[in-house]
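**Q** Got a structure for you, questions after.
The values are calculated or read from the model by the stated rules, or taken from the named source; none is laboratory data. Computed from a prediction, not measured in an experiment: that's the story for all the values here. Reconstructed Cβ throughout: ideal geometry from the backbone, glycine too, with neighbour counts over all protein chains shown. What goes into the accessible areas is simple: the full protein's heavy atoms, side chains included, and nothing from ligands, DNA or RNA. Shrake-Rupley method; radii C 1.70, N 1.55, O 1.52, S 1.80 Å.
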Amino acid sequence: MKLIVLFFMLLTSFQVFSESKIEVINPIIRIPLPEMTVTAMFVTLKNNTDTDFKIVKATGDVAGVYELHTMEMKGGKMKMRPVDYIELKKRAITELKSGGFHVMLFNLKKPLLENEVYNIDLILNDKSVISVKAVAKKIMPMHM
Amino acid sequence: MNKILSKGVVKSLLAVLVLMGVFYYSYQQSVQKKRYNPFTQELISPAGIVTLDDLHKDKLIFLYFGFLSCPDACPTTLSEISSIFKSLAPQKLEKIRFIFVGLDPERDSIDRMTKYTSHFHEKIIPVTLDLNSLGPFTSAFGITYSKVPLKSTMGYTIDHSTQIVVLSPDKKKLHLLEHEETRAQKIDHINNYLKIYFQL
């Protein structure tokens, strides 16, 4: 019995080590509509460490400019603002999603093709890089 | 002594004049506000100049206000409303006009607005109006917006109300469809008004 417990403990500890620092889940770039000059990248990020991190910058080769933004609904009014960073709290999930934090893409260098994968690097405050492979999608989030 | 007295008189006279000016100005403003009729406001549409008076007859009017660099609320609302329109019976759809009012005429021409809305539903009519008329037009429907400079490639953004204003065929403001309401709730409201006004 003890042996089995030990075996499972070993297994789980092994899993902890094999986990990546920040897990990247379901990254999507929205294909912009005609005449829309901006678009956004959404992703869920799971911080598996005991350290708080901040995304301080985004880069990539598909857009000319990347900015970190947030959206806020206040008194029935929608407000969008650039932010200096997006916090990734330790052992927590942070969603970059419609109606909240997102990476804004300006000056797209080429039209995005549906289901094509585009690389976007998120730079953290400790200079480490989360490499995101975002899939271009036409779909629009229906509810925020 | 006389000099001091006359100086005082001049000062009070000036004060009275300034006050009169202020009153006259605010009176004029209130008259203008009372006179402003959003239904006769000239709107630039893809088909040329129109007014709400031209558009409302025998229809439920929906007004939504937004801009083309709007990253989220506008495309979300327009795509949701398009999907609702697709689900409505043709005789119901026939009684609806949906107008997308541009809040950023400096950047969004009617041509660009038309290309943008063509991506959604043919029922969605884009209109623009000049910057000076935009204030009275929006506030006539209880919609607020403000141009906010940003430290961003965008230069500025437009904070704006996200509700859809519903007007009856007799020009009454019926309702606001809230952004947060579900698709089903919005459909319920629309069906309810179609029933009241058109027995559909």
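**Q** Please identify the pairs in which a residue from region A:99-113 that is in contact (Cβ under 8 Å) with a residue 60 or more places away in the chain has its Cβ atom under 7 Å from the Cβ atom of a residue that is buried (at least 21 other Cβ atoms within 10 Å of the Cβ) and not in a strand (DSSP E or B), counting only partners at least 6 apart or on another chain.
**A** A:M104/B:P71
**Q** Hey, another quick one. Taking only pairs six or more apart or across chains, which ones have beta-carbon atoms under 6 Å, a first residue in region B:114-133 that is open to solvent by 40 Å² or more (accessible area, probe 1.4 Å), and a second residue that is assigned to a loop (DSSP other than H, G, I, E, B)?
**A** As it stands, the answer is B:T114/B:P46; B:K115/A:P34; B:K115/A:E35; B:H119/A:L33; B:H119/A:P34; B:L131/B:P105, since those pairs meet every condition given.
**Q** So, in region A:47-79, exactly how many residues are touching a strand residue (DSSP E or B) at 6+ places or on another chain (Cβ under 9 Å), assigned to a loop (DSSP other than H, G, I, E, B) and acidic (D, E)?
**A** 2
**Q** Now a separate question. Within region A:50-69, track down each residue that is within 12 Å of chain B (Cβ to nearest Cβ), of a type outside the set (F, W, Y) and surrounded by 16 or more Cβ atoms within 10 Å (Cβ to Cβ). So that I can check it myself, show each step before the final result.
**A** Initial filter on region A:50-69 (within 12 Å of chain B (Cβ to nearest Cβ)): A:63-69.
In the following step, the residues that additionally are of a type outside the set (F, W, Y) were identified as A:63-65, A:67-69.
Within region A:50-69, A:A63, A:E67, A:L68, A:H69 meet the criteria.
**Q** Run down A:V65, A:V56, A:V135 and say which single residue is in contact with a Phe, Trp or Tyr (Cβ under 6 Å, 6 or more places away or on another chain), farther than 30 Å from B:F65 by Cβ and of a type outside the set (D, E). Can you show your working first?
**A** On the way: A:V65 fails: farther than 30 Å from B:F65 by Cβ; A:V135 fails: in contact with a Phe, Trp or Tyr (Cβ under 6 Å, 6 or more places away or on another chain).
When all the criteria are applied, what remains is A:V56.
**Q** Output the number of residues of region B:90-104 satisfying the condition of being within 14 Å of chain A (Cβ to nearest Cβ) and either in contact with a helix residue (DSSP H, G or I) (Cβ under 9 Å, 6 or more places away or on another chain) or of a type in the set (G, A, S) (or both). Spell out how you get there, then give the answer.
**A** In the first step, residues of region B:90-104 are kept if they are within 14 Å of chain A (Cβ to nearest Cβ); the result is B:100, B:102-104.
When the remaining residues are screened for being either in contact with a helix residue (DSSP H, G or I) (Cβ under 9 Å, 6 or more places away or on another chain) or of a type in the set (G, A, S) (or both), the result is B:100, B:102-103.
Final tally of qualifying residues: 3.
**Q** May I ask you to list the residues in region A:85-144 that are within 14 Å of chain B (Cβ to nearest Cβ), among the aliphatic types (A, V, I, L, M) and under 19 Å from A:D61 (Cβ atoms)?
**A** The answer is A:V103, A:M104, A:L105, A:L108.
**Q** Residues being within 11 Å of chain B (Cβ to nearest Cβ), assigned to a strand (DSSP E or B) and among the aliphatic types (A, V, I, L, M): count how many of those fall in region A:20-40.
**A** 2
**Q** Okay, next question. For region B:1-13, which positions are open to solvent by less than 100 Å² (accessible area, probe 1.4 Å) and modelled with pLDDT of 75 or more? Walk me through how you get there before you give the answer.
**A** Initially, region B:1-13 is screened for residues open to solvent by less than 100 Å² (accessible area, probe 1.4 Å), giving B:6, B:8-10, B:12.
Hits for region B:1-13 are B:G8, B:V9, B:V10, B:S12.
**Q** Return only the number of the condition from (1) open to solvent by 30 Å² or more (accessible area, probe 1.4 Å); (2) within 13 Å of chain A (Cβ to nearest Cβ); (3) more than 25 Å from A:F106 (Cβ to Cβ) that B:H175 does not satisfy.
**A** (2)
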